[in-house]
Amino acid sequence: VVKAPPVISIACVWPEENAPKEQIQQVMEAITGYIDIHRIFATAQDIVDMKQGRVRRVPERPPRSDRLHYLRGFIVYYGRHYTAYFYSRRMRTWILCDDAKVTVVGAWREVVRRCVMGHSQPTLLFYEEQEDQGQEQGQGQ
């Protein structure tokens, strides 16, 4: 990856249409508030080294804030119906979009609770690159 895209989407494939609450809880707990795309994909320098026959091990380093993409929202599925949770940076809260109805949810722990209790299975996650260093993050608040 020479330049990371501004938005990264990750699809979640479920083995069954109606997952048990315990499985949804585990998936929700595994969703991270940010990802470092350069830890996932090879960089341009890694590709050059591979072409020259050298294996270059990426050293373990703490994530750099200038390379992070933050969770901004996700689509969930339950009972042949899709809804979406997105973090509003302006309001500093999570919101639920369900057809024409938009509801303020609150903190990340409430999003997790609603997904688990409502059997809502995350299917598509959206991560956005950080625009500035002082930006508030939605997960973990």
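General remarks:
- In order through region 16-28: 3J(HN,Hα) via Karplus (6.51 cos²θ - 1.76 cosθ + 1.60), integer Hz, x for Gly, Pro: 9, 5, 10, 6, x, 3, 4, 5, 5, 4, 4, 5, 4
- Long-range HN-HN contacts of residue 106 with modeled amide H, under 5 Å: 94
- Tensor-based shape of region 71-136 (alpha-carbon gyration tensor, a/c under 1.5 rounded, otherwise prolate or oblate): prolate
- Amide H contacts of residue 34 (H built 1.01 Å from N, under 5 Å, at least 5 apart or other chain): 71
- Table column - 3J(HN,Hα) (Hz), region 95-106, Karplus curve with 6.51, -1.76, 1.60, x for Gly and Pro: 10, 10, 10, 10, 6, 8, 9, 10, 10, 6, 9, x
Values in this text are rule-based calculations from the coordinates and carry no lab data. Bear in mind the structure is a predicted one, so any value in this text is a computation, not a measurement.
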